[in-house]
Amino acid sequence: MPYGQMINESMTIERCVGICDEAGFPWAGLQYVSECYCSKREPLYGKIPEEKCNKPCGGDSSEICGGAYALSTYYHAGNFAA
């Protein structure tokens, strides 16, 4: 995902989607417990097996935040300017 990376040890799905939303990016991706990525475009690579996303989020262990070299991706339509 092209818009850089944010690392936060207490990352959650909601936190990452919120970070991306505030920055005007509809796509959010979480990887390896604490990494959040944002993008204006859908990820370029195809879907991988869901079991590759197996790392609990640092801020909420009941949520999954991707895996090693695997992004959990979310699309949030939000209120984005065209």
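Descriptive notes on the structure:
- Among Cys38, Cys53, Cys65, residue whose mean-square fluctuation peaks in a GNM of the chain (springs only between Cα atoms under 10 Å): Cys53
- Summarising the amide proton neighbourhood of Cys65: residues at separation of 5 or more, or on other chains, whose placed amide H is nearer than 5 Å comprise Val33, Lys55, Cys57.
- Computed Kirkwood radius, in angstrom, where 1/r is averaged over Cα pairs of the chain: 12.4 Å
- Difference of contour (0.36 nm per residue) and Cα-Cα distance, Ile7 to Lys40: 10.0 nm
- For the chain, the Cys residues with no second cysteine's beta carbon closer than 4.7 Å are Cys53.
- Rounded to the nearest 500, the helix-only mean residue ellipticity at 222 nm of the chain stands at -3500 deg cm²/dmol, with each DSSP H run of n ≥ 4 adding -39,500 (n - 2.57).
- Whole-Hz ³J(HN,Hα) from phi, Karplus 6.51 cos²θ - 1.76 cosθ + 1.60, for region 40-55, glycine and proline x: 8, 10, 4, x, 6, 9, x, 5, 10, x, 4, 5, 5, 8, 9, 9
- Evaluating 6.51 cos²θ - 1.76 cosθ + 1.60 at θ = phi - 60° for every residue in region 9-19, the Karplus couplings come out as 5, 10, 5, 9, 4, 4, 5, 5, 4, x, 4 Hz, glycine and proline recorded as x.
- Relative contact order, whole percent, for the chain stands at 35, derived from Cα pairs under 8 Å and 6 or more residues apart.
- Ordering 28-35, 40-47 by mean Cβ neighbour count within 10 Å, with the highest value first, yields 28-35, 40-47.
Every number in this text was worked out from the coordinates using simple rules, so none of it is lab data. Fair warning: this is a prediction, and the values are worked out from it, not measured in the lab. Glycine also receives a Cβ, built like all others from the backbone with ideal geometry; neighbour counts cover every protein chain displayed.
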